[in-house]
Amino acid sequence: MELDVLTAISPIDGRYRNKTQELAGYFSEYALIRYRVRVEIEYFITLCELPLPQLKDVDHRLFEPLRDIYRLFSEQDAARVKEIENITNHDVKAVEYFIKEKFDEMCSRQSGETVGYGQLATVKEFIHFGLTSQDINNTSVPLSIKEALENVYYPLVEELIEQLNDYAEQWKNVPMLAKTHGQPASPTRLGKEVMVYVYRLEEQLRSLKDVPITAKFGGATGNYNAHHVAYPQYDWREFGNSFVSEKLGLEREQWTTQISNYDWMGAIFDAMRRINTIIVDLDRDFWMYISMEYFKQKIKAGEVGSSAMPHKVNPIDFENSEGNLGIANAILQFLAQKLPVSRLQRDLTDSTVLRNVGVPMGHAVIAVQSTLKGLRKLILNGEKLQEDLDNTWAVVAEAIQTILRREAYPNPYEALKALTRTNAKMTEETIHAFIRDLAVSDEVKAELMAITPWNYTGM
């Protein structure tokens with residue numbers, strides 16, 4: 001079977017392809033190869049800028065055409081790299097050979113300008129000079145994560161925060177019965193409860209953005225052995241720091257083995273997991289609010305809620321989100337725990353694991369889109385919120401006993417406990433009859449009488 005949305009094994013590339021296709025530009029095999037080419041080209045250019053003695057005469061006007069190798073990198077180019085890999089059986093070496101082919105093509109280029117394309121034939125051995133494959137992989141993958149976060153993930157989470165913020169403002173004066181332990185509790189306001197999620201997501205998103213995205217770049221075992229033996233006069237550590245920072249926008253890890261320490265990556269994944277957990281909490285709360293009829297849902301013509309029960313309009317978007325976030329968090333936890341652990345100076349287990357870093361982000365992207373879809377279907381059912389408050393007068397007991405404490409009334413908590421902890425229904429008249437019998441001033445009685453389940457909502 002040909003690979004398409006119907007034959008893909010993973011729903012990320014199948015059923016949900018329309019929601020995740022933007023991530024293909026960061027985490028697909030094509031994208032990984034393109035990032036590798038980008039790092040190799042920028043590294044070669046930086047060696048020319050240093051310059052190494054053999055590269056001091058390279059025409060700097062070549063740099064932009066060289067950058068076009070990765071800026072204009074096509075699927076056909078990626079396919080050529082894979083053809084080379086079939087021979088080399090090494091994916092990074094295949095990238096090096098591909099770039100050398102491109103240099104050869106540029107050498108034969110005819111140009112009306114005096115750009116020295118022919119020079120490339122004599123300097124192409126400085127492609128991948130002194131590097132190991134992990135210098136390329138451990139810069140390419142961080143770059144892909146950084147740019148996927150900035151261009152896809154952050155904007156989507158910020159869109160969710162903005163939607164919640166809008167609802168918090170719309171519903172800031174809507175009183176609602178709170179539930180603690182699933183039981184009626186001191187009333188709150190719907191907007192405030194939504195604002196809790198705005199606050200939590202903003203805090204954790206800020207924490208995620210504060211994690212430095214770092215890269216390993218230091219040669220075969222992290223010591224610049226090959227660089228130093230060939231050109232001991234250069235400070236290769238400072239060179240690496242500048243290259244990684246200025247050309248790639250990352251931070252270089254100062255002490256490594258052959259591979260990245262991956263501690264920063266674990267921090268990124270843990271931070272994403274916290275955000276996902278908050279969204280799971282949100283999904284479950286709104287699912288409950290819908291089941292309590294605090295919200296109705298917009299109905300779309302032609303949609304079916306159940307194959308058997310025609311009346312059903314299910315909160316499927318929140319359920320879809322919760323399920324995808326569960327998968328995402330399971331993978332994120334594994335990645336965060338596994339990647340920082342490697343035998344001695346390296347083993348290969350990180351290599352295959354790194355190819356899956358886009359998977360949890362894919363599930364998270366599906367989830368956030370589903371949560372947004374669910375939120376945008378909501379229709380506030382103010383009558384039901386009011387009905388629940390009207391039917392739960394016992395919740396004003398906290399207010400009454402607190403004011404009685406202020407007035408030095410004897411055993412106020414116990415008095416309200418005796419009144420409310422019965423199977424008898426607490427009504428407005430029940431509460432007011434209790435207040436009328438209290439041995440307090442008329443002013444205090446009037447203060448207590450003014451308290452209702454819909455105005456006892458705090459600040």
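The values are calculated or read from the model by the stated rules, or taken from the named source; none is laboratory data. Owing to the predicted nature of the structure, the values given are computational and were not obtained by experimental measurement. Don't worry about glycine lacking a Cβ; one is built from the backbone with ideal geometry, like all the others, and counts go over all protein chains shown. The area values use the complete protein model at the heavy-atom level, side chains included, leaving out ligands, DNA and RNA. Shrake-Rupley method; radii C 1.70, N 1.55, O 1.52, S 1.80 Å.
Summary of values
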quantity: In sequence order, calculated HN-Hα J values of region 316-328 (Karplus, 6.51, -1.76, 1.60; Hz; x Gly/Pro); calculated: 5, 5, 5, 5, 4, 4, 4, x, 5, 5, x, 5, 4
quantity: Antiparallel %, DSSP beta bridges [both residues in the chain], to 5; calculated: 80
quantity: Placed amide H near N381: partners under 5 Å, 5+ positions off or other chain; calculated: F295, K296
quantity: Distance violations [Cα-Cα > 20 Å] among K146/K209; K300/K373; K296/K384; K296/K373; K102/K124; K100/K146; calculated: K100/K146
quantity: Placed amide H near A178: partners under 5 Å, 5+ positions off or other chain; calculated: A185, T188
quantity: Tensor-based shape of region 98-204 (alpha-carbon gyration tensor, a/c under 1.5 rounded, otherwise prolate or oblate); calculated: prolate
quantity: Label zone at A121, where the point sits 7 Å out along the Cα-to-Cβ direction: region 89-107 residues whose backbone N lies under 11 Å; calculated: 104-105, 107
quantity: Unit charges on C-beta of K, R, D, E only; dipole of region 12-138, Debye; calculated: 320
quantity: Percent of alpha-carbon pairs separated by more than 18 Å within region 1-73; calculated: 55
quantity: Net charge, E125 excluded, C-beta distance under 15 Å - Lys, Arg +1, Asp, Glu -1; calculated: 0
quantity: For the chain, alpha-carbon Rg relative to the globular expectation (2.2 N^0.38 Å, N residues); calculated: 1.38
quantity: Built amide H within the under 5 Å cut-off of T214, gap 5+; calculated: E251
quantity: Cα shape, region 154-199, gyration tensor, a/c 1.5 rule; calculated: oblate
quantity: Protection proxy ranking of 133-142, 40-49, 411-420, 279-288 - average other beta-carbon atoms within 10 Å, highest first; calculated: 133-142, 40-49, 279-288, 411-420
quantity: Unit charges on C-beta of K, R, D, E only; dipole of the chain, Debye; calculated: 620
quantity: Where the chain is the region considered: accessible area per residue in Å², 1.4 Å probe; calculated: 50
quantity: Karplus 3J(HN,Hα) series, Hz, for region 437-445 with 6.51 cos²θ - 1.76 cosθ + 1.60 (x for Gly, Pro); calculated: 8, 6, 8, 9, 5, 4, 5, 5, 4
quantity: Per-residue ³J(HN,Hα) for region 10-18, Karplus 6.51 cos²θ - 1.76 cosθ + 1.60, θ = phi - 60°, Hz, x for Gly and Pro; calculated: 8, x, 4, 9, x, 3, 9, 4, 5
quantity: Global geometry of region 241-299, whether rounded, prolate or oblate, following the gyration tensor of its Cα atoms and the 1.5 cut on a/c; calculated: prolate
